[in-house]
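Have a look at the structure below, then the notes.
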Amino acid sequence: MRISVIGCGYLGAVHAACMAELGHDVVGVDVDESKVAELAAGRAPFFEPGLPEVLARGVASGRLRFTTDMAETAGARVHFVAVGTPQTAGSHAADLRYVDAAVGGLLPHLSDGDLVVGKSTVPVGTAARLGDLVRASSGADLAWNPEFLREGFAVADTLSPDRFVYGVPGGEGGERATALLDEVYAGPLAAGMPRLVTDYATAELVKVSANAFLATKISFINAMAEIAEATGADVTQLADAIGHDARIGRRFLNAGLGFGGGCLPKDIRAFQARADELGLESLAFLADVDAVNMRRRRYVVDLALEMLGEVVGAKVAVLGLAFKPDSDDVRDSPALDVARALQEAGAHVVAYDPEANATAALVAPGLEYVDSVDEAIQGAALALVLTEWRQFRGLDPEAVGRSMAHRRVIDARTVLDLALWRDHGFEARGLGRP
Ligand code: UGA
């Protein structure tokens, strides 16, 4: 099938490449010329395991191309809208200008029987509004098909998601939309992926409520970490124990520096803003979820200041800048926030991330970036592990200690065996752990 994908950021680039991988003929459209040039050459403009391979395969096969020209969407049957919905400046609501521009830009190129498919995360009510617009201006229809991919697993999550959700209009339009989406996803559906067909509002809400639930789960365990810190309990053992209850489950119960990234923080805020608009108090608890999450960053900064005593001029090694491992994304990264706060307090921050140095340097040019753990810890008065990259798990405390000026470490992501590090003379502190 001929498919267009509008917006080639994280979501769109992965989606376009994966649709070509499924055998479709795909054109990806983006306004950013340099991004389009990279993608057209079969190169991923950001770090995502597995993406370079599917991109290169798609481009080489001739089934995948990229352009800045919206007119090239003409002739495609299904048009995915995968542009960003950032937080509006000065408010917590989602900024829909890119979604509106993408749909508006598509309108002149739509033909009777085409299907516009929203993938962006939007406030409930958006699909109904855009559906009316699309139907009134062309013979096309609109569906909302939220995306649940995780960075670091984006290709696998797109090709074999936990579930497909199709938000469709009532009547024949809904049947046509469902049939077209079934054709697009025929491969994964044949492999048994579940698919749920709902109305627009439900599909929009599935996405934001899933992210709100995940954020709540993380903040729940981080709230328990605060209690554990005050009482000498161990939050990791607590998580293991409650996680054995299948109704609770152990996943997403890792206490630490909390959630960041381009989705969870902005999505819970936009969801609250939408509930406020609807005059509902239902999501007031998400303000606490947000507050617990942000407190963890402050706690780590305070702990670092306490351990350092004299912060001005002290060399501090920051290990990890990405908001999570296997990513070079530093959007709302807790690690980068902590690094910047220590720098502002007067420390000389030397940072190392296996993938995110370059993206971090764009937004935090004041930090010093180095290419290895060894360089970061050389002569440091304190080391902080802020992202749980696998390579940090295997650090040898004796070798690290010999390089540092003082044996002090904060493990904000529960990757180090603190008892072992203490055996090697470290003052070693974790979160929610005695
Ligand atoms: C999240 C959702 O998990 C995806 O399902 C969703 O599609 C995506 O947002 C989106 O809306 O686009 P992602 O932002 O890639 O995916 O990251 P997650 O894996 O959810 O992690 C988010 C943050 O939570 C990270 O900073 C991570 O370190 C933190 N986290 C995660 C914890 O602090 N503890 C945990 O137990 C799990």
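The values are calculated or read from the model by the stated rules, or taken from the named source; none is laboratory data. Since we're looking at a predicted model, the values are computed, not measured. Positions of Cβ are backbone-derived with ideal geometry, glycine not excepted, and every protein chain shown enters the neighbour counts. Calculation scope for accessible area: heavy atoms of the full protein, side chains included, ligands and nucleic acids excluded. Shrake-Rupley method; radii C 1.70, N 1.55, O 1.52, S 1.80 Å.
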Counting all Cα-Cα pairs in segment 1-133, those more than 27 Å apart amount in percent to 17
Based on the alpha carbons, how large is the Rg to Rh ratio for segment 81-142 when Rh follows Kirkwood? 1.00
In Å², and per residue, what accessible area does the chain have when probed at 1.4 Å with the other protein chains present? 41
Quote the FRET efficiency, to the nearest 0.05, computed for residue 182 versus residue 237 with a Förster distance R0 of 56 Å and r equal to the Cβ-Cβ distance. 0.75
Percent RCO, i.e. relative contact order, over the chain, from Cα pairs under 8 Å lying at least 6 residues apart: 11
Carbon and sulfur together cover what percent of the accessible area of the chain at a 1.4 Å probe radius? 54
Among 246, 37, 287: highest mean-square fluctuation, GNM of the chain, C-alpha pairs under 10 Å: 246
Residues of segment 1-27 with amide N under 13 Å of the 7 Å Cα→Cβ point at residue 190: 22-24
For the chain, list the DSSP H helices whose alpha carbon atoms reach 24 Å or more along the long axis and whose average Kyte-Doolittle value is -1.0 or above? 200-231, 285-308
If you average the alpha carbon positions of segment 10-61 and of segment 217-237, how far apart do those two centres end up, in angstrom? 41
Please list the equivalent ellipsoid semi-axes of the chain, computed as the square roots of five times the alpha-carbon gyration tensor eigenvalues, in descending order and whole angstrom. 42, 24, 19
On the formula 1/(1 + (r/R0)^6), with r taken between the Cβ atoms of residue 57 and residue 312 and R0 of 56 Å, the FRET efficiency rounded to 0.05 is 0.60
Testing the spin-label approximation: label points 7 Å from Cα along Cα→Cβ at residue 199 and residue 135. State their distance in nm. 1.3
Förster radius 45 Å - calculated FRET efficiency between residue 371 and residue 31 (Cβ-Cβ, nearest 0.05): 0.85
Checking rank on 341-354, 169-182, with mean other Cβ inside 10 Å and highest first, the result is 341-354, 169-182
Report, please, the projected area of segment 162-224 averaged over directions, based on the convex hull of its C-alpha atoms, in nm². 5.1
For residue 277 and residue 156 in one chain, what is 0.36 nm times their gap in residues minus the Cα-Cα distance, to one decimal in nm? 40.0 nm
